[in-house]
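Working notes, beginning with the structure itself.
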Amino acid sequence: MRLFSIFAALAFTTTLAACVPANTADVTKGAFDAPLANPGVVAMHAFPSGPAIGVMRSNVELANDFLDLQFRMESGRALPVLTRFEGPITVAMTGDVPPSARSELARLISRFRAEAGLNISQTSGPASITIDFQPKSALRRAVPTAACFVVPNVTGLADYVKKRNTAAVDWARMNRRDKVAIMAPSDASPQEVRDCLHEELAQAMGPLNDLFRLPDSVFNDDNFHSVLTGFDMLMLRAHYAPELRSGMNEAEVAARLPALLARLNPRGQGIGGTPKQISPRSWISATEAAFGARGGNRIDAAERMISIAKAQGWTDTRMAFSLFARGRALTARDVPAAIEAYSQAARIWRNIPGAQIHAAHVDMQLGAFALTSGQFESVLLLTDRSIPVARSHQNASLLASLLAMRAEALEATGRGAEARSVRLDSQGWARYAFGSDAQVRARLSDIATLARRGGRG
């Protein structure tokens, strides 16, 4: 299930919102030069389909991750047996299908076949997996916190509404998968549509759990990764390996995993690595509170995250995420402390394979602080480091913001021609990330406003 409000998507806008003056209607009006005021004249960019970022961890860790992903759900509830589709998998789209969905699905199915070895194809009739596109408002009425979600034994949203709270839609009572539906937004931006397809199709076929400890996966509610990674494809390939079958319990799967992973991922043999435990419910609850899912004092919640992380002895991505939460909570109240927290998080993430995109998100936050204080050379250094990461991880929302920040810094340092080129590139990616011209203009105007506060213009 991909969540709406919390974690990376919300953190992405927090610094910008906090740094922009309250009376933004006057400040942002006319923020762009006339030729750039209409993003609609800029063609929308799109990412090519390419190989995923590879797996960079030991098979000992991967086996532990596989079991925790397969035999538990996001609620913490245990699953008694492994379930999967037995035989070819077909996918169909219904409802109000967005224009970008067909090409995104075709690219994703090609990746599933090439990288995970899945026997999967698209069809127009009854299918193993039905993707039902409905308005966001309808999805929120069904599951208020979800941007998109997956349900077994239904054909779409209407069928789910009829069957919810019954045994028919209980994953824990299944022995194999025969029919699954994904509920996805019909009125979302192209990137939102793509992100939902990646995560929900992977969970429709494979693991149902998300783990905060994973630095290199979409199976993580921090939502930093937008597209399926090499780790995710390996988990799917293992899920459908001939050594496994629907109905196996955890002990049976665990007995087969060492040889299975040695065959699928030989470079993971002999690499050092310690299996990590599932995050305690107390830390997850503090995380939800820190990012606003359950209200309350976000600063206190972020401090609870850090206290629990220290007590657990964590030095992994969960400690970094706890510090990120502190930075986000302090942004509007104590800028120096927020910068220090963000910087500490980035130092941890830069030393974790697979967490470069997390560090790039921190660079975006630090870039906003630098822009609003007129430190334009710092903005150029930060964006020079993070733009390639955002591009390689196919995160258009992050990429568009970093490019817009860079354009403002270039303008402020007298490199106007280069600034105009970078700004146009930013608008192309913003159209993919945010959708409507109004949303594109609002996002980029906020960034232009930060530069004006920092002394440009």
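The values are calculated or read from the model by the stated rules, or taken from the named source; none is laboratory data. Source: prediction; values computed, not measured. Neighbour counts run over all protein chains shown; Cβ positions are idealised from the backbone, glycine included.
Please give the strands (runs of 3 or more DSSP E) falling wholly within region 26-136 in which 1 or more residues are among the small types (Gly, Ala, Ser) and modelled with pLDDT of 80 or more.
Values: elements: 89-95, 120-122, 129-134.
Where strands (runs of 3 or more DSSP E) fall fully within region 26-136 and carry at least 1 residues being among the small types (Gly, Ala, Ser) and modelled with pLDDT of 80 or more, they are 89-95, 120-122.
Per the listing 428, 367, 374, 416, the residue uniquely within 21 Å of the chain's Cα centre (by Cα) and surrounded by fewer than 23 Cβ atoms within 10 Å (Cβ to Cβ) is 428.
Comparison of 187, 170, 195 shows that the only residue that is of a type outside the set (Phe, Trp, Tyr), under 22 Å from residue 46 (Cα atoms) and over 17 Å from the mean Cα position of the chain (by Cα) is 187. Checked against the criterion of being without any contact (Cβ under 8 Å) to a residue 60 or more places away in the chain, within 16 Å of the chain's Cα centre (by Cα) and closer than 24 Å to residue 359 by Cα, region 218-227 contains one or more residues that satisfy it. Test each condition in (1) touching a Ser or Thr at 6+ places or on another chain (Cβ under 8 Å); (2) of a type in the set (Val, Ile, Thr); (3) at pLDDT below 95 for residue 180 and report the one that comes out false. Going through (1) touching a Ser or Thr at 6+ places or on another chain (Cβ under 8 Å); (2) of a type in the set (Val, Ile, Thr); (3) at pLDDT below 95 one by one, residue 180 breaks only (3). Scanning region 227-270 for residues that are in contact with a Ser or Thr (Cβ under 7 Å, 6 or more places away or on another chain) and either in the same structural domain as residue 301 (by TED's automatic domain parsing) or within 27 Å of residue 395 (Cβ to Cβ) (or both) gives 229, 231, 232, 268.
Which one of 427, 344 is within 20 Å of residue 441 (Cα to Cα), assigned to a helix (DSSP H, G or I) and not basic (Lys, Arg)?
Details: 344 fails: within 20 Å of residue 441 (Cα to Cα).
One residue alone meets the criteria, 427.
Any residue at all in region 58-69 that is within 22 Å of the chain's Cα centre (by Cα), under 21 Å from residue 169 (Cβ atoms) and surrounded by 15 or more Cβ atoms within 10 Å (Cβ to Cβ)? The answer is yes, given that some residue of region 58-69 is within 22 Å of the chain's Cα centre (by Cα), under 21 Å from residue 169 (Cβ atoms) and surrounded by 15 or more Cβ atoms within 10 Å (Cβ to Cβ).
Kindly indicate which of 185, 144 is buried (at least 19 other Cβ atoms within 10 Å of the Cβ) and assigned by TED's automatic domain parsing to the domain that holds residue 93. Steps first, answer last, please.
On the way: 144 fails: buried (at least 19 other Cβ atoms within 10 Å of the Cβ).
Exactly one residue qualifies, and that residue is 185.
Checking region 88-98 against the condition returns no match, with no residue being of a type in the set (D, E, K, R) and either outside the structural domain of residue 172 (by TED's automatic domain parsing) or buried (at least 21 other Cβ atoms within 10 Å of the Cβ) (or both).
Give the number of residues within region 431-442 that are charged (D, E, K, R) and surrounded by fewer than 21 Cβ atoms within 10 Å (Cβ to Cβ).
Total meeting the criteria: 1.
Within region 184-193, is there a residue that is assigned to a loop (DSSP other than H, G, I, E, B) and in contact with a strand residue (DSSP E or B) (Cβ under 7 Å, 6 or more places away or on another chain)? Scanning region 184-193, I find at least one residue that is assigned to a loop (DSSP other than H, G, I, E, B) and in contact with a strand residue (DSSP E or B) (Cβ under 7 Å, 6 or more places away or on another chain), so the answer is yes. With respect to the conditions (1) surrounded by fewer than 21 Cβ atoms within 10 Å (Cβ to Cβ); (2) of a type in the set (S, T, N, Q); (3) modelled with pLDDT under 90, residue 449 lacks only one, and its number is (1). Out of the residues in region 260-280 that are part of a helix (DSSP H, G or I) and among the aliphatic types (A, V, I, L, M), which is surrounded by the most Cβ atoms within 10 Å (Cβ to Cβ)? So the residue we want is 261.
Just a yes or no: is a residue in region 292-310 within 16 Å of residue 211 (Cα to Cα) and at pLDDT 95 or above? Checking region 292-310: at least one residue is within 16 Å of residue 211 (Cα to Cα) and at pLDDT 95 or above. Search region 137-167 for residues being within 19 Å of residue 74 (Cα to Cα) and of a type in the set (Gly, Ala, Ser), and hand back the single one that is modelled with the lowest pLDDT. Applying the filter and picking the extreme gives 146.
When every residue of region 157-176 is checked against the conditions, at least one turns out to be surrounded by 17 or more Cβ atoms within 10 Å (Cβ to Cβ), out of contact with any Pro (no Cβ under 7 Å at 6 or more places or on another chain), outside the structural domain of residue 292 (by TED's automatic domain parsing) and of a type in the set (A, V, I, L, M, F, W, C). Please determine whether any residue of region 397-412 is touching a residue at least 24 places away in the same chain (Cβ under 8 Å), outside any helix (DSSP H, G or I) and surrounded by fewer than 24 Cβ atoms within 10 Å (Cβ to Cβ). No - not one qualifying residue is present in region 397-412. When every residue of region 275-285 is checked against the conditions, none turns out to be at pLDDT 95 or above, of a type in the set (Lys, Arg) and touching a helix residue (DSSP H, G or I) at 6+ places or on another chain (Cβ under 9 Å).
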